[in-house]
Amino acid sequence: MKNKVFLQTYGCQMNKLDATLVTEALKQAGYGLTDSIKDADIVLINTCSVRRHAEEKVLSHLGHLRHLKENKPALVVGVIGCMAQRLGAELLKSKAVDIVCGPTQIPQITGLINETLLQKQKSIAVTRQVRRKVSAKQSLALEEFEFAYDTDDKQLPNQAFVRVMHGCNKFCTYCIVPYVRGPEVSRPPKAIIEQIKKLADRGVKLVTLLGQAVNSYKYTAGEKTYCLADLLYMAAEVEGVEWIRFVTSYPAEEFFGQICQVMAGSPKVCKYLHMPAQSGSDKILKAMNRRYTAARYLNLLDRAKSIVPALTVAGDFIVGFPGESENDFAATVELLKKAQYKNCFIFKYSPRPDTVAEKKLPDDVPLEVKRKRNVELLAVQEKISGELSSQFLNKKVKVLVEGLSKKPHLNAEDKIDQPQLIGRTAEDRIVVFNGPRDLAGRFANVKITKTSPLTLFGELTKI
Ligand code: 5AD
Ligand code: SF4
């Protein structure tokens, strides 16, 4: 009988993609998958280190697994992802953990599980010097592993993430990513486009290109240096793919104009830009080692909006960064208002081990102040989101249907053959409507009849 794996994943889209790759590799190696931890012979936790809270959730989960193992000693538990790289052998000290595998080592995951099952020994694979360029051998292993990726229809039907680069070289002073995911390495454009073709052949309609600072993508082959704009252009040529998105953009001049031009010129490239500002105060931006001022950030947005008139933007902010005064926070509120984001992710600053901010800047904004600023900024954003959403009332939008809506929003008495579905527009707006289940993975047109800050509601309609 097949050994069954339960895989739980925390964190960003990079991590979700890693989880999909690992799932695929496990299936190919003959493992079964289960949604129930009780049925599992192997539990894998794909972890995130970006904020302390994310790590605490994993540690508490490991606590439960330790109890579970008392009754089921043969259970194998593996920690993969960013926390595995950050804590390494430290994690193996826990009774709960048998395998530790960093993000660069995921191609080895099935080997590590086989070994642990056979030899009943703990095993670890992490990078010793994470900022060193990955070896050619490792790079090839990662490339092959990535390429083997099939779509996992259980997640979002006919949608796929494609990594265009690993790591990050930006070193924002608060951020742990460069220390756990290593230096920036762009994948060869040929491999990326081949992969998109393969996914399109399997019915994928929306491809999201992924990179920590995706607009830094740069790959030289012979005479030519490819940038993200080239990738978008080539991806748009792939038959079958209808929408292409890219996340996350770093506010930088390089390639910016070219990227906006492809967005404006290609109907397949979604008019959507996720470009975090993090703060609106020049003093804080400098302390964060973000390499722009608030004025330059807004100028980039203006340029983007002048090239792509219907552009939708989303952002991230950190509140309570060391030294953030009421004035600095007021500057953030100001920038947020000017940017007119569709939505924003707002985080309370969380000091991360070994980052410059953690080592050099005291975490001097009290938690209550961080909370208060978080709530205040969210409220300002909610108002803006509400206003922008309301412009969709009575309009028709095209959505790619994701499947059944998880939280019923309206029409609790839905007909059985017309359950409540959820879809997203090209610009990443959430749309809820009633329709047949088999629309999942397909495009639909919806007339908007009601709006809220983060969700549009409507009825299926012909074009
Ligand atoms: N504390 C709080 N938020 C953080 N982010 C990254 N590092 C931290 C940290 N130490 C946020 C940034 C980034 C998003 C993915 O997470 O806003 O854009
Ligand atoms: Fe972290 Fe900055 Fe790199 Fe984003 S760009 S992953 S915030 S270091």
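None of the figures in this text is laboratory data; all of them are computed from the coordinates on show. Keep in mind that what you see is a predicted model, and the values were worked out from it rather than measured. Here the Cβ is made from the backbone with ideal geometry for all residues, glycine too, and neighbour counts use every protein chain on show.
What FRET efficiency comes out for Lys359 versus Glu24 if R0 is 41 angstrom and r is the Cβ-Cβ distance? Round to the nearest 0.05. That gives a FRET efficiency of 0.60. Label-to-label distance for Glu459 and Ser266 is 3.7 nm, based on points extended 7 Å past Cα in the beta-carbon direction. Along the Cα-to-C-beta direction of Leu404, a point sits 7 Å from the Cα; which residues of the range 432-449 have their amide N less than 14 Å from that point? Hits in the range 432-449 for Leu404 at 14 Å: 435-440.
Proximity of backbone amide H atoms, modeled 1.01 Å from N, is registered between Val162 and Thr208, Leu209, Leu210 at under 5 Å, excluding neighbours fewer than 5 places apart on the same chain.
Positive contributions from Lys and Arg (+1) and negative ones from Asp and Glu (-1), summed over other residues with Cβ under 9 Å from the Cβ of Pro453, come out at -1.
Computed from label points 7 Å out along Cα-Cβ, the spacing between Lys372 and Ser390 is 2.9 nm. For the range 198-276, the fraction of alpha-carbon pairs lying more than 20 Å apart is 29 percent, rounded to a whole number. Please state the relative contact order of the range 9-135 as a whole percent: Cα pairs under 8 Å, 6+ residues apart? Once normalised by length, the contact order is 21 percent.
Beta bridges assigned by DSSP with both partners in the chain are antiparallel in approximately 35 percent of cases. Note on the range 110-168: Rg/Rh from C-alpha atoms, Kirkwood Rh, equals 1.05. The convex hull defined by the C-alpha atoms of the chain has an orientation-averaged projected area of 23.3 nm². For the range 167-306, the relative contact order works out to 22 percent when only alpha carbon pairs closer than 8 Å and six or more residues apart are counted.
Rounded to the nearest 0.05, what FRET efficiency is calculated for Leu118 and Ser60 with R0 set to 41 Å and r the Cβ-Cβ distance? Computed FRET efficiency for Leu118 and Ser60 comes out at 0.85.
Looking at the range 186-259, the DSSP beta bridges with both ends there are about 45 percent antiparallel. Any chance you could tell me what percent of the C-alpha pair distances in the range 307-393 go past 14 Å? Percent of Cα pairs beyond 14 Å in the range 307-393: 66.
Remark on the chain: Cys12, Cys48, Cys82, Cys101, Cys168, Cys227, Cys260, Cys270, Cys344 stand apart, with no other cysteine beta carbon under 4.7 Å. Electrostatic bookkeeping for His64 treats Lys and Arg as +1 and Asp and Glu as -1; over the other residues with beta carbon under 15 Å from its beta carbon, the sum is +4. Rounded to the nearest 20, the Cβ-based charge dipole of the range 121-256 about its Cα centre (Lys and Arg +1, Asp and Glu -1) stands at 740 debye. Between Arg132 and Lys283, residue separation times 0.36 nm minus the direct Cα-Cα distance comes to 51.2 nm. The stretch between Ile37 and Lys72 holds 11.4 nm of extra length on full extension. This uses 0.36 nm per residue minus the Cα-Cα distance. Considering helices alone, the calculated mean residue ellipticity of the chain at 222 nm is -11000 deg cm²/dmol, with DSSP H runs of length four and up weighted by -39500 (n - 2.57) and normalised per residue. Considering only alpha-carbon pairs that sit under 8 angstrom and 6 or more positions apart, the relative contact order computed for the chain is 9 percent. Along the axis of the charge dipole computed for the chain (Cβ charges of +1 for Lys and Arg, -1 for Asp and Glu, origin at the Cα centre), the listed residues Val269, Val100, Tyr31 are led at the positive end by Val100.
Counting charges near Cys48 (Lys, Arg +1; Asp, Glu -1) among other residues having Cβ under 12 Å from its Cβ returns a value of +4. Between the amide H of Asn289 and those of Thr173, distances stay under 5 Å, these residues lying 5 or more places away or on another chain, with hydrogens modeled in the peptide plane. Between Asn169 and Ile416, what's the calculated FRET efficiency when r is the beta-carbon distance and R0 is 41 Å? Round to 0.05. E(calc), rounded to 0.05, equals 0.20. Peptide packing: for 255-268, 225-238, 99-112, the average count of neighbouring Cβ atoms within 10 Å per residue gives the ranking 99-112, 225-238, 255-268, highest mean first. Rounded to the nearest 20 debye, the dipole magnitude of the chain is 320 debye, with +1 charges on Lys and Arg beta carbons, -1 on Asp and Glu beta carbons, and the Cα centre as origin. Counting only Cβ charges, +1 for Lys and Arg and -1 for Asp and Glu, the dipole size of the range 336-381 around its Cα centre is about 260 debye. Centroid-to-centroid, using Cα positions, the range 249-313 and the range 182-199 are 23 Å apart.
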